[in-house]
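Peer 1: Below you'll find the structure I mean.
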Amino acid sequence: MNEKILIVEDQFVEAHDLQLMLEKEGYEVCGLARDVPSAIALLEKEKPTLVLVDIFLSGPATGIDLAHRLREEGIAFIYTSANSNMEVLEAAKKTVPYGFLVKPYREKDLLVTLEIARYHHEHRFEAGVKKEHQFKKQLETLFLSQDSVEGKMLEITKALQGHIAFDFIYTGFADEVEDMKQDLGFLRISFDEYQTIRLGELKVITNLGNIELLTLRRANIQSEEITYFGEDDFKTLLQKPSLHGLFAKIFNIKSHLLMPVVLQDGRLYNFYFYSRSSDIYDTSHVFLASRLAQSLAPVITKISRGKANRPQFPAGPKPEHKNDAKIADTVYGFEGIIGKSHLLLSVFDHISQVAPADASVLVLGESGTGKERIADCIHRLSPRKDQPLIKINCATLPANLIESELFGHERGSFTGATERRIGKFEMANKGTLFLDEIGEMHPELQGKLLRVLQEKEVERIGGKTPIKVDVRIIAATNRNLEKEVGEGRFRLDLYYRLNIFPIQLPALRDRLEDLPVLIDHFIAIYNRKSNKRIVGVSAKVLKQFMAYKWPGNIRELENVIERGVILARENTINEVIMPNFGTMQNDMQNMYAVTKSIEENERSHIVAVLKKCNGKIWGFGGAAEQLNVPPTTLNSKMKKLGIRKHDYKE
């Protein structure tokens, strides 16, 4: 066995016990460290392949501090700890460990966790190498096509999306300070669809001239170093006028990554990645981008040499796009999931990444966000697609029945067991098991589930022989599992076993730009069921929908549309019945507003709308659109009324 393991543990007895267990199984323990400085010294000297690290150590530095160093160096690590409060768990989770062992633990738990960590470390490395090899292949095929420069750059953009997530990308030569005609931008508008943003389009969108845009372009940071900006750093970057600030305002950008590519002729070609999600970029993207830049250098060099033949496109209105619902419905593998907001597209990206692998997936989201649909997509896009997908809702079965449902039972094993029953795990063998509402599972059963996941075998109730099973697990919950772990209701080791690849589903209130297409989708469904021909909702109803919080998410929207279709007397839904608590809340707000001055009421109303729009002023779903005023007028009004960002953003 080639693994060299470093143990970082400040309790000598526990460290010694770990060493004995590991050496007994043939592992080489290359050292014991009680604190972070000692561990770093042993890292440099021994070069371990895996580190077992306790969270709380001697000295001021913790195991979490050491984990950041291990991640940067690409060394697999597993936490060992008896402490499981929520704050510690949140900090540990950010370091992306390969496992978590809760003290005290069995020798078998330790060995299985090591095997899982080794598998995932190798798989992550191999998957990265495979993806980069595929990227190079995609670049090679570019020159076999007859595409224009724009066409080739668009294909590069699509290929990059699989490695570095972005909502908008802008590219251009660093030394082109007098001309922006060679610059190209691509705005993501659907899963695999982008709108090209050239100089002409940029002038139309921003209402700025050549000189103003050039001035902003010159102010962009120029560096040969790959640099990323999280939300706070990006806000600092925006303090000086530049294209960054322009894109942030137009496209609601919150984070940024600069990837300069040094071409073969020595020129610098910049890729500016922009995301609407905050803090999406980190140090791992720096290492990844450096490798991608090396692959891109010869390709961009060849493309730039052929730019004289570049066809020119006149500036004009934005291109028309197909009906949103049709676009969403025709994305292979994501049938039934409607929308193209940046948050939903990010979910699609995660599904595409994890589906071909065999890792466990934890789907997180509020009730009604469509977690079961995500499980369907992952299974449909996986190598197990021709095998069964078995589903079980852990919240709907009594605690005394769910064990039998999961693992099965033998005849006579308990009162009422008149025949043998095959459990869900056996039924899902070679396929996928979807455990919905996993957060509702009884703690005693959580331990049994963990054993099955680790040992890949089940034992029926009343049975005597373990049965091997090959099952992929997709779990889902609307609970905050970290909080459940912190309060002792959910096992920490099971949480880490399931949380190998989490997918967070956005609430409907966070992707209101998808509302129109969702409305059309549900109207079409209930038109067929009720034999009606409703064509849409009125402007009044749409405004009402955009202002509502949707606590029940998509399921609630579907119910409201179903009622609306049934009650509609014309071909448009002009009235809808919304839940009473929303109306009561608005009435209370209105009663309070009466006691204020006109100016105070106006200020409160603008702040309330800004909060509903998450601080977004420009574009679709922005506060200006909600208030039916130009964005410039709204900005002036905000200054006059003294409305600052802290008034509407927490």
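Peer 1: Please work out if Leu101 is modelled with pLDDT under 85, among the aliphatic types (A, V, I, L, M) and part of a strand (DSSP E or B).
Peer 2: It is true that Leu101 is modelled with pLDDT under 85, among the aliphatic types (A, V, I, L, M) and part of a strand (DSSP E or B).
Peer 1: Another one. List, please: which pairs have Cβ atoms under 6 Å, are six or more places apart or on different chains, and start with a residue in the range 357-374 that is of a type in the set (D, E, K, R) and end with one that is in a loop (DSSP other than H, G, I, E, B)?
Peer 2: So the pair list comes out as Glu366/Asn478; Glu366/Ala507; Lys371/Gly365; Arg373/Gly336; Arg373/Ile337.
Peer 1: Within the range 395-406, take every residue that is under 23 Å from Lys468 (Cα atoms) and either in contact (Cβ under 8 Å) with a residue 40 or more places away in the chain or more than 33 Å from the chain's Cα centre (by Cα) (or both) and give me the one that is surrounded by the most Cβ atoms within 10 Å (Cβ to Cβ).
Peer 2: It comes out as Leu406.
Peer 1: Sticking with this structure for a sec: From the set of residues in the range 475-525 that are basic (Lys, Arg), part of a helix (DSSP H, G or I) and over 20 Å from Glu87 (Cβ atoms), which is modelled with the highest pLDDT?
Peer 2: Arg509
Peer 1: In the range 462-480, what count of residues is obtained for those that are without any contact (Cβ under 8 Å) to a residue 60 or more places away in the chain and either farther than 21 Å from Ser382 by Cα or outside the structural domain of Arg451 (by TED's automatic domain parsing) (or both)?
Peer 2: So the count comes out to 9.
Peer 1: Then there's this: Scanning for something in contact (Cβ under 8 Å) with a residue 40 or more places away in the chain, within 27 Å of the chain's Cα centre (by Cα), under 27 Å from Phe348 (Cβ atoms) and surrounded by 14 or more Cβ atoms within 10 Å (Cβ to Cβ), does the range 443-452 turn up at least one residue?
Peer 2: Within the range 443-452, not a single residue is in contact (Cβ under 8 Å) with a residue 40 or more places away in the chain, within 27 Å of the chain's Cα centre (by Cα), under 27 Å from Phe348 (Cβ atoms) and surrounded by 14 or more Cβ atoms within 10 Å (Cβ to Cβ).
Peer 1: Then there's this: Identify, please: which residue in the range 221-249 is among the hydroxyl-bearing types (Ser, Thr, Tyr) and outside any loop (DSSP other than H, G, I, E, B) and is, among those, nearest to the chain's Cα centre (by Cα)?
Peer 2: Result: Tyr228.
Peer 1: Can I ask one more? Just to be sure I understand, how many residues within the range 334-376 are in contact with a Lys or Arg (Cβ under 6 Å, 6 or more places away or on another chain), part of a loop (DSSP other than H, G, I, E, B) and closer than 25 Å to Ile189 by Cβ?
Peer 2: The qualifying residues number 4.
Peer 1: Which ones in the range 361-392 are farther than 21 Å from Asp192 by Cα, polar (S, T, N, Q) and either at pLDDT 95 or above or crowded, with 17+ Cβ neighbours inside 10 Å (or both)?
Peer 2: Thr369, Gln387
Peer 1: Find all pairs meeting these conditions: Cβ atoms under 7 angstrom apart; at least six residues apart or on different chains; first residue within the range 89-101 and touching a residue at least 12 places away in the same chain (Cβ under 8 Å); second residue in a loop (DSSP other than H, G, I, E, B).
Peer 2: From the range 89-101, the pairs are Ala92/Ile55.
Peer 1: Select from the range 67-94 the residues that are modelled with pLDDT under 85 and not in a helix (DSSP H, G or I) and write down the one among them that is farthest from Thr283 (Cα to Cα).
Peer 2: Ranking the qualifying residues of the range 67-94, first place goes to Ala82.
Peer 1: Here's something else I'd like to know. Would you point out the residue of the range 601-635, among those that are of a type in the set (S, T, N, Q) and modelled with pLDDT under 75, that is surrounded by the fewest Cβ atoms within 10 Å (Cβ to Cβ)?
Peer 2: Here the answer is Asn628.
Peer 1: Does Glu437 satisfy the criteria of being at pLDDT below 90 and surrounded by 14 or more Cβ atoms within 10 Å (Cβ to Cβ)?
Peer 2: For Glu437, the condition - at pLDDT below 90 and surrounded by 14 or more Cβ atoms within 10 Å (Cβ to Cβ) - is not met.
Peer 1: How many residues does the range 452-474 hold that are out of contact with any Phe, Trp or Tyr (no Cβ under 6 Å at 6 or more places or on another chain) and part of a strand (DSSP E or B)?
Peer 2: Number satisfying all stated conditions: 6.
Peer 1: Testing Val262 on (1) modelled with pLDDT of 90 or more; (2) closer than 30 Å to Arg511 by Cβ; (3) surrounded by fewer than 20 Cβ atoms within 10 Å (Cβ to Cβ); (4) of a type in the set (Val, Ile, Thr), one condition comes back false. Which one is that?
Peer 2: (2)
Residues are listed down the side, and each one gets a yes or a no for (1) surrounded by fewer than 14 Cβ atoms within 10 Å (Cβ to Cβ); (2) touching a residue at least 60 places away in the same chain (Cβ under 8 Å); (3) closer than 30 Å to Phe77 by Cβ:
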{"position": "Leu492", "(1), (2), (3)": "no, yes, yes"}
{"position": "Asn499", "(1), (2), (3)": "no, yes, yes"}
{"position": "Val517", "(1), (2), (3)": "no, yes, no"}
{"position": "Val541", "(1), (2), (3)": "no, no, no"}
{"position": "Gly564", "(1), (2), (3)": "no, no, no"}
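Peer 1: Test Glu178 against the stated conditions and say whether it is out of contact with any strand residue (DSSP E or B) (no Cβ under 8 Å at 6 or more places or on another chain) and either modelled with pLDDT of 90 or more or not assigned by TED's automatic domain parsing to the domain that holds Asn270 (or both).
Peer 2: no
Peer 1: Which pairs do you get when a residue that is in the same structural domain as Glu231 (by TED's automatic domain parsing), found in the range 276-294, comes within reach of a residue that is basic (Lys, Arg), reach meaning Cβ atoms under 9 angstrom, with the pair 6+ apart or on two chains?
Peer 2: Every condition considered, the pairs that remain are Arg276/Lys254; Ser277/Lys254; Ser278/Lys254; Asp279/Lys254; Ile280/Lys254; Thr283/Arg71; Ser284/Arg71.
Peer 1: Okay, moving on. Quick check on my filter: what residues within the range 198-220 are aliphatic (A, V, I, L, M) and either buried (at least 18 other Cβ atoms within 10 Å of the Cβ) or assigned to a helix (DSSP H, G or I) (or both)?
Peer 2: Leu199, Leu202, Val204, Ile205, Ile211, Leu213, Leu214, Leu216 - these are the residues of the range 198-220 that are aliphatic (A, V, I, L, M) and either buried (at least 18 other Cβ atoms within 10 Å of the Cβ) or assigned to a helix (DSSP H, G or I) (or both).
Peer 1: Which residues, counting only those in the range 5-43, are more than 13 Å from Ala61 (Cα to Cα), out of contact with any helix residue (DSSP H, G or I) (no Cβ under 9 Å at 6 or more places or on another chain) and assigned to a helix (DSSP H, G or I)?
Peer 2: Correct list: Phe12, Val13, Glu14, Ala15, His16, Asp17, Gln19, Leu20, Glu23, Ala41, Leu42.
Peer 1: Scanning for something within 25 Å of the chain's Cα centre (by Cα), crowded, with 16+ Cβ neighbours inside 10 Å and assigned to a helix (DSSP H, G or I), does the range 108-117 turn up at least one residue?
Peer 2: Yes: one or more hits.
Peer 1: So His409 clears everything in (1) in contact with a Gly (Cβ under 9 Å, 6 or more places away or on another chain); (2) surrounded by fewer than 19 Cβ atoms within 10 Å (Cβ to Cβ) except one condition, right? Which one?
Peer 2: (2)
The values are calculated or read from the model by the stated rules, or taken from the named source; none is laboratory data. Worth saying up front: this structure is predicted, and the values here are computed from it rather than measured. Virtual Cβ from ideal backbone geometry, glycine too; neighbours counted across all protein chains shown.
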